Amino acid sequence: MDAASPNLFISFLPMLLLSLLMAVPANMLARQKGRNVVLWTILALIPLVNFACMWYFVGASNLVLENKIDELMLELKRSKQ
């Protein structure tokens with residue numbers, strides 16, 4: 001049983017490294033898009049879940065830009081009145 005333990009860890013090492021590499025862009029995207037940074041970083045650390053989450057997150061709307069557009073539209077509405 002002891003001989004199998006290091007092999008098991010070594011077999012999961014690439015998946016763990018990929019998860020760590022996915023966490024960095026997820027963190028950066030969450031900051032840029034105004035999303036929950038901790039949640040998206042944790043989701044990016046979970047193997048196999050991170051691939052689905054990243055596909056969703058890349059296509060998700062940017063809340064920071066949406067808020068800016070809403071403010072501009074309110075200002076335009078006020079200036080017309």
Item to complete: With a cut-off of at least 2 residues that are surrounded by fewer than 12 Cβ atoms within 10 Å (Cβ to Cβ) and out of contact with any Lys or Arg (no Cβ under 7 Å at 6 or more places or on another chain), name the helices (runs of 4 or more DSSP H) lying wholly within the chain.
Response: 4-33, 49-59, 63-80
Worksheet item: of a type outside the set (Lys, Arg) and at positive phi - does that describe any residue in the range 47-58?
Response: yes
Response to the item:
Expected output for the range 45-66 (first residue in contact (Cβ under 8 Å) with a residue 12 or more places away in the chain, partner hydroxyl-bearing (Ser, Thr, Tyr) and surrounded by 14 or more Cβ atoms within 10 Å (Cβ to Cβ), Cβ below 6 Å, 6+ apart or cross-chain) is Leu45/Ser19; Pro47/Ser19; Asn50/Ser19
Worksheet item: What about Met54, is it at pLDDT 90 or above and within 26 Å of Phe12 (Cα to Cα)?
Response: no
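The values are calculated or read from the model by the stated rules, or taken from the named source; none is laboratory data. All figures in this text were calculated on a predicted structure; none of them were measured in a lab. With ideal geometry, Cβ positions are generated from the backbone for all residues, glycine too; neighbour counts draw on all protein chains shown.
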